[in-house]
1. Name the helices (runs of 4 or more DSSP H) wholly inside the stretch 40-131 in which the number of residues that are touching a residue at least 40 places away in the same chain (Cβ under 8 Å) and acidic (D, E) is 3 or more.
2. I'd like to check something: does the stretch 37-45 contain any residue that is charged (D, E, K, R), closer than 21 Å to W120 by Cβ and surrounded by 13 or more Cβ atoms within 10 Å (Cβ to Cβ)?
3. Confirm whether I76 is of a type in the set (V, I, T), closer than 22 Å to T41 by Cβ and touching a His at 6+ places or on another chain (Cβ under 9 Å).
4. Say we look at the stretch 11-36 and pick out the residues that are among the small types (G, A, S) and over 22 Å from I117 (Cα atoms); which of these is surrounded by the most Cβ atoms within 10 Å (Cβ to Cβ)?
5. What residue, among those in the stretch 1-10 that are exposed (fewer than 13 other Cβ atoms within 10 Å of the Cβ) and hydrophobic (A, V, I, L, M, F, W, C), is modelled with the highest pLDDT?
6. Only one of these conditions is not met by S72: (1) open to solvent by less than 30 Å² (accessible area, probe 1.4 Å); (2) modelled with pLDDT under 95; (3) of a type outside the set (K, R). Which number is it?
7. Output the residues belonging to the stretch 1-22 that are under 27 Å from M95 (Cα atoms) and in contact (Cβ under 8 Å) with a residue 60 or more places away in the chain.
8. Please verify whether the stretch 46-58 includes one or more residues that are open to solvent by 30 Å² or more (accessible area, probe 1.4 Å) and more than 16 Å from L5 (Cα to Cα).
Amino acid sequence: MKKNLLMIAGISGALCVAIGAMGAHALKDKLPLENLQTYETAVRYQFYHTLALILVVILSDKIQSKFLNYASTLFIVGIILFSFSLYFLALRPIMGIGNEEMKWIGAITPLGGVSFILGWVSLSVSTISDK
């Protein structure tokens, strides 16, 4: 589990840097300010939860709890649902997709947010629950 999580965290961290740099340099003149802010939020939350995955790996040496596994899974699901839906929403103008055409994507973002919250709750519960 630890090696897989570290690999996922490493890939996600590298993506954060690359995607963030793209937003700061290549997209700043191509997207409206509101879309850039959405994009930056996606990068920030992806980075926070990439670091949270590393925290789970570190804690797994000290705490034996299935809730650590739940936390890592929920953080990964949150990154995919929250951050990647925001990337998509932010980049719609460049992709030529109107607001109405893919309005449903916005409904996915809160599911990612709930995954993040449940991941943090699972991390907390791991301190009081054995295996």
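1. On the way: elements: 66-78, 84-95, 108-125.
Output list is empty.
2. So the first thing to find is which residues in the stretch 37-45 are charged (D, E, K, R), and the list is 40, 44.
If we keep only those that are closer than 21 Å to W120 by Cβ too, we end up with 44.
Then keep just the ones that are surrounded by 13 or more Cβ atoms within 10 Å (Cβ to Cβ); that gives 44.
Among the residues of the stretch 37-45, at least one is charged (D, E, K, R), closer than 21 Å to W120 by Cβ and surrounded by 13 or more Cβ atoms within 10 Å (Cβ to Cβ), which makes the answer yes.
3. Values: of a type in the set (V, I, T): yes; closer than 22 Å to T41 by Cβ: yes; touching a His at 6+ places or on another chain (Cβ under 9 Å): yes.
Yes; evaluated as a whole, the condition is true for this residue.
4. Kept after step one, since they are among the small types (G, A, S), are these residues of the stretch 11-36: 12-14, 18, 20-21, 23-24, 26.
Add one more test, that the residue is over 22 Å from I117 (Cα atoms), and what stays is 14, 18, 20-21, 23-24, 26.
Details: A14: 11, A18: 11, G20: 17, A21: 12, G23: 21, A24: 13, A26: 11.
Restricting to residues being among the small types (G, A, S) and over 22 Å from I117 (Cα atoms), the top hit is G23.
5. First, the residues of the stretch 1-10 that are exposed (fewer than 13 other Cβ atoms within 10 Å of the Cβ): 1-4, 7.
From what is left, the residues that are hydrophobic (A, V, I, L, M, F, W, C) are 1, 7.
On the way: M1: 79, M7: 96.
Within the stretch 1-10, the match that is modelled with the highest pLDDT is M7.
6. Failed condition: (2).
7. Taking the stretch 1-22 as the starting set, the residues that turn out to be under 27 Å from M95 (Cα atoms) are 11-22.
Those that are under 27 Å from M95 (Cα atoms) and in contact (Cβ under 8 Å) with a residue 60 or more places away in the chain: S12, I19.
8. Step one: of the stretch 46-58, the residues open to solvent by 30 Å² or more (accessible area, probe 1.4 Å) are 47-48, 51, 54-55, 58.
With the extra rule that they be more than 16 Å from L5 (Cα to Cα), the set shrinks to none.
No, every residue in the stretch 46-58 fails to be open to solvent by 30 Å² or more (accessible area, probe 1.4 Å) and more than 16 Å from L5 (Cα to Cα).
The values are calculated or read from the model by the stated rules, or taken from the named source; none is laboratory data. As the structure is a computational prediction, the values presented were derived from the model and not from experiment. No Cβ is skipped: glycine too gets one built from the backbone with ideal geometry, and neighbour counts run over all protein chains shown. Heavy atoms of the whole protein, side chains included, go into the accessibility calculation; ligands, DNA and RNA do not. Shrake-Rupley method; radii C 1.70, N 1.55, O 1.52, S 1.80 Å.
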